[in-house]
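Heads up, the thing below is written out as C-alpha coordinates.
The values are calculated or read from the model by the stated rules, or taken from the named source; none is laboratory data. Predicted, not measured: the structure shown is a model, and the values here were computed from it. Counting neighbours? That spans all protein chains shown, and the Cβs are built from the backbone with ideal geometry, glycine included.
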Amino acid sequence: MTPRVLVLACGALAREVLALTGNAPHIDVQCLPATLHNRPDRIAPAVRAALAEHAGHYARIFVAYADCGTGGDLDAVLADFGVERLPGAHCYAFFTGVETFAAAGEADMRAFYLTDFLARQFDAMVWEPLGLDRHPELRDAYFGNYETLVYLAQTDDANLSAAAEAAAARLGLAYERRHVGYGDLAPAMAALAPAPFAT
(Lines give C-alpha, C1' and ligand atoms only; values in the text may rest on other atoms or scores of the structure.)
Protein backbone atom coordinates (compact mmCIF):
# COMPACT_ATOMS: atom_id res chain seq x y z
CA MET A 1 0.00 0.00 0.00
CA THR A 2 1.34 3.44 -0.94
CA PRO A 3 2.05 5.64 2.11
CA ARG A 4 -0.32 8.57 2.37
CA VAL A 5 0.99 12.09 1.79
CA LEU A 6 -0.55 15.41 2.80
CA VAL A 7 0.12 18.56 0.82
CA LEU A 8 -0.61 21.55 3.04
CA ALA A 9 -1.00 24.36 0.53
CA CYS A 10 -1.59 28.07 0.28
CA GLY A 11 -5.15 28.59 -0.91
CA ALA A 12 -3.76 30.74 -3.71
CA LEU A 13 -2.20 27.54 -5.13
CA ALA A 14 -5.26 25.32 -4.80
CA ARG A 15 -6.01 24.96 -8.52
CA GLU A 16 -2.41 24.34 -9.45
CA VAL A 17 -1.73 21.81 -6.67
CA LEU A 18 -4.93 19.92 -7.44
CA ALA A 19 -4.13 19.94 -11.16
CA LEU A 20 -0.75 18.38 -10.43
CA THR A 21 -1.86 15.83 -7.82
CA GLY A 22 -5.42 15.00 -8.89
CA ASN A 23 -4.57 11.55 -10.26
CA ALA A 24 -2.47 10.47 -7.28
CA PRO A 25 -4.93 8.72 -4.90
CA HIS A 26 -2.45 8.54 -2.01
CA ILE A 27 -2.11 12.35 -1.85
CA ASP A 28 -4.49 14.49 0.18
CA VAL A 29 -4.53 18.25 -0.28
CA GLN A 30 -5.56 20.71 2.41
CA CYS A 31 -5.47 24.44 1.70
CA LEU A 32 -5.11 27.24 4.21
CA PRO A 33 -7.02 30.47 3.46
CA ALA A 34 -5.77 32.36 0.43
CA THR A 35 -6.16 35.60 2.40
CA LEU A 36 -2.97 34.66 4.28
CA HIS A 37 -1.24 35.71 1.06
CA ASN A 38 -1.82 39.29 2.25
CA ARG A 39 -0.93 38.58 5.91
CA PRO A 40 2.46 36.85 5.93
CA ASP A 41 2.77 37.32 9.70
CA ARG A 42 -0.09 34.83 10.09
CA ILE A 43 1.28 32.13 7.78
CA ALA A 44 3.74 30.45 10.16
CA PRO A 45 1.24 30.19 13.07
CA ALA A 46 -1.44 28.81 10.72
CA VAL A 47 0.95 26.24 9.28
CA ARG A 48 2.11 25.26 12.78
CA ALA A 49 -1.48 24.65 13.88
CA ALA A 50 -2.21 22.55 10.80
CA LEU A 51 0.98 20.51 11.17
CA ALA A 52 0.23 19.86 14.83
CA GLU A 53 -3.23 18.62 13.83
CA HIS A 54 -1.97 16.26 11.12
CA ALA A 55 1.39 15.10 12.50
CA GLY A 56 1.43 11.34 12.92
CA HIS A 57 -1.47 10.77 10.50
CA TYR A 58 0.60 10.81 7.30
CA ALA A 59 3.81 9.17 6.18
CA ARG A 60 4.87 12.53 4.77
CA ILE A 61 3.66 16.11 4.83
CA PHE A 62 4.79 18.66 2.26
CA VAL A 63 4.07 22.38 2.63
CA ALA A 64 3.17 24.12 -0.62
CA TYR A 65 4.33 27.58 0.43
CA ALA A 66 7.53 29.44 -0.33
CA ASP A 67 8.83 31.71 2.45
CA CYS A 68 6.05 34.12 1.38
CA GLY A 69 7.23 37.07 3.42
CA THR A 70 7.54 35.24 6.75
CA GLY A 71 11.17 36.25 7.12
CA GLY A 72 12.26 32.71 8.00
CA ASP A 73 9.48 32.11 10.53
CA LEU A 74 7.90 29.47 8.30
CA ASP A 75 11.20 27.60 7.98
CA ALA A 76 11.55 27.59 11.76
CA VAL A 77 8.13 25.94 12.06
CA LEU A 78 8.94 23.39 9.37
CA ALA A 79 12.22 22.52 11.08
CA ASP A 80 10.30 21.70 14.27
CA PHE A 81 8.21 19.15 12.34
CA GLY A 82 10.85 17.91 9.90
CA VAL A 83 8.79 19.08 6.92
CA GLU A 84 9.89 20.51 3.56
CA ARG A 85 8.39 23.38 1.55
CA LEU A 86 8.54 24.76 -1.96
CA PRO A 87 11.76 26.49 -3.02
CA GLY A 88 12.22 30.23 -3.11
CA ALA A 89 11.05 33.38 -1.45
CA HIS A 90 7.54 33.53 -2.95
CA CYS A 91 5.21 32.04 -5.54
CA TYR A 92 6.48 34.36 -8.27
CA ALA A 93 9.92 32.77 -7.89
CA PHE A 94 8.90 29.13 -7.96
CA PHE A 95 6.40 29.63 -10.79
CA THR A 96 9.10 31.32 -12.86
CA GLY A 97 11.75 28.90 -11.65
CA VAL A 98 13.87 30.08 -8.75
CA GLU A 99 17.09 30.38 -10.76
CA THR A 100 15.38 32.15 -13.67
CA PHE A 101 13.62 34.54 -11.31
CA ALA A 102 16.86 35.40 -9.54
CA ALA A 103 18.63 36.00 -12.85
CA ALA A 104 15.93 38.49 -13.89
CA GLY A 105 16.01 40.30 -10.57
CA GLU A 106 17.57 43.59 -11.61
CA ALA A 107 15.67 43.81 -14.90
CA ASP A 108 12.39 43.16 -13.07
CA MET A 109 13.12 45.45 -10.14
CA ARG A 110 10.12 47.67 -10.99
CA ALA A 111 7.70 44.89 -11.89
CA PHE A 112 4.47 44.08 -10.07
CA TYR A 113 3.53 40.42 -10.52
CA LEU A 114 0.26 38.60 -10.97
CA THR A 115 -0.27 34.84 -11.15
CA ASP A 116 -3.38 33.11 -12.50
CA PHE A 117 -4.88 33.27 -9.01
CA LEU A 118 -4.17 36.98 -8.60
CA ALA A 119 -5.44 37.80 -12.08
CA ARG A 120 -8.64 35.94 -11.21
CA GLN A 121 -8.94 37.54 -7.76
CA PHE A 122 -7.43 40.95 -8.44
CA ASP A 123 -10.22 42.93 -6.78
CA ALA A 124 -10.43 40.70 -3.70
CA MET A 125 -6.67 40.27 -3.20
CA VAL A 126 -5.21 43.60 -4.41
CA TRP A 127 -7.66 46.38 -5.19
CA GLU A 128 -9.97 46.12 -2.19
CA PRO A 129 -7.41 45.24 0.54
CA LEU A 130 -5.43 48.33 -0.44
CA GLY A 131 -8.58 50.43 -0.22
CA LEU A 132 -8.41 51.44 -3.87
CA ASP A 133 -12.10 50.68 -4.31
CA ARG A 134 -12.79 53.50 -1.85
CA HIS A 135 -9.78 55.72 -2.48
CA PRO A 136 -8.54 55.26 -6.05
CA GLU A 137 -6.46 58.41 -5.64
CA LEU A 138 -4.03 56.29 -3.55
CA ARG A 139 -3.05 54.26 -6.61
CA ASP A 140 0.09 56.24 -7.36
CA ALA A 141 1.17 56.15 -3.72
CA TYR A 142 1.11 52.34 -3.84
CA PHE A 143 2.24 51.73 -7.41
CA GLY A 144 4.14 54.84 -8.43
CA ASN A 145 7.49 53.06 -8.21
CA TYR A 146 6.39 50.22 -10.50
CA GLU A 147 6.65 50.39 -14.27
CA THR A 148 5.21 47.09 -15.50
CA LEU A 149 2.62 44.57 -14.44
CA VAL A 150 4.05 41.16 -15.31
CA TYR A 151 1.48 38.41 -15.57
CA LEU A 152 3.17 35.08 -14.83
CA ALA A 153 0.64 32.81 -16.48
CA GLN A 154 0.26 29.21 -15.40
CA THR A 155 -2.28 28.45 -18.14
CA ASP A 156 -3.24 29.69 -21.59
CA ASP A 157 -6.51 31.35 -20.66
CA ALA A 158 -7.64 34.31 -22.77
CA ASN A 159 -10.02 35.50 -20.05
CA LEU A 160 -7.27 35.58 -17.42
CA SER A 161 -4.93 37.35 -19.82
CA ALA A 162 -7.61 39.98 -20.44
CA ALA A 163 -8.18 40.34 -16.69
CA ALA A 164 -4.46 40.80 -16.07
CA GLU A 165 -4.19 43.38 -18.84
CA ALA A 166 -7.18 45.25 -17.42
CA ALA A 167 -5.52 45.19 -13.99
CA ALA A 168 -2.40 46.74 -15.49
CA ALA A 169 -4.49 49.51 -17.02
CA ARG A 170 -6.21 50.18 -13.69
CA LEU A 171 -2.83 50.46 -11.99
CA GLY A 172 -1.42 52.69 -14.73
CA LEU A 173 1.30 50.17 -15.59
CA ALA A 174 2.63 48.71 -18.82
CA TYR A 175 1.57 45.11 -19.36
CA GLU A 176 3.66 42.02 -20.04
CA ARG A 177 2.52 38.41 -20.13
CA ARG A 178 4.94 35.53 -19.56
CA HIS A 179 3.73 31.99 -19.82
CA VAL A 180 5.73 30.19 -17.12
CA GLY A 181 3.46 27.22 -16.46
CA TYR A 182 3.84 25.51 -13.11
CA GLY A 183 7.57 26.12 -12.83
CA ASP A 184 9.23 24.46 -9.85
CA LEU A 185 5.83 23.47 -8.43
CA ALA A 186 5.54 20.63 -10.98
CA PRO A 187 8.67 18.69 -9.99
CA ALA A 188 7.96 19.29 -6.31
CA MET A 189 4.54 17.68 -6.66
CA ALA A 190 5.84 14.90 -8.93
CA ALA A 191 8.39 13.97 -6.26
CA LEU A 192 5.51 13.08 -3.92
CA ALA A 193 4.18 10.40 -6.27
CA PRO A 194 5.64 6.88 -6.63
CA ALA A 195 4.76 6.86 -10.33
CA PRO A 196 4.07 9.52 -12.98
CA PHE A 197 0.73 11.29 -12.82
CA ALA A 198 -0.98 13.80 -15.07
CA THR A 199 0.54 17.28 -15.31
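In the stretch 17-35, the qualifying residues are those that are among the aliphatic types (A, V, I, L, M) and either part of a strand (DSSP E or B) or surrounded by fewer than 21 Cβ atoms within 10 Å (Cβ to Cβ) (or both), and the one that is nearest to the chain's Cα centre (by Cα) is ALA34.
Evaluate the stretch 3-13: report whether one residue or more is more than 22 Å from GLU128 (Cα to Cα), assigned to a helix (DSSP H, G or I) and not assigned by TED's automatic domain parsing to the domain that holds ALA153. Within the stretch 3-13 (the criterion being more than 22 Å from GLU128 (Cα to Cα), assigned to a helix (DSSP H, G or I) and not assigned by TED's automatic domain parsing to the domain that holds ALA153), the answer is no, since none of the residues qualifies.
For the stretch 53-159, list the strands (runs of 3 or more DSSP E) that sit wholly inside it and hold at least 1 residues that are touching a residue at least 24 places away in the same chain (Cβ under 8 Å) and assigned by TED's automatic domain parsing to the domain that holds ALA186; which are they?
Passing ranges, in order: 60-64.
Restricting the stretch 94-107 to residues that are within 25 Å of ALA166 (Cβ to Cβ) and surrounded by fewer than 18 Cβ atoms within 10 Å (Cβ to Cβ), the residue that is modelled with the highest pLDDT is ALA104. For the stretch 177-186, a residue qualifies if it is outside any loop (DSSP other than H, G, I, E, B) and either touching a His at 6+ places or on another chain (Cβ under 6 Å) or in contact (Cβ under 8 Å) with a residue 40 or more places away in the chain (or both), and the qualifying residues are ARG178, LEU185, ALA186. I need the full set of residues from the stretch 1-26 which are over 15 Å from LEU86 (Cβ atoms) and in contact with a helix residue (DSSP H, G or I) (Cβ under 8 Å, 6 or more places away or on another chain), in order please. Matches in the stretch 1-26: ARG15 only.
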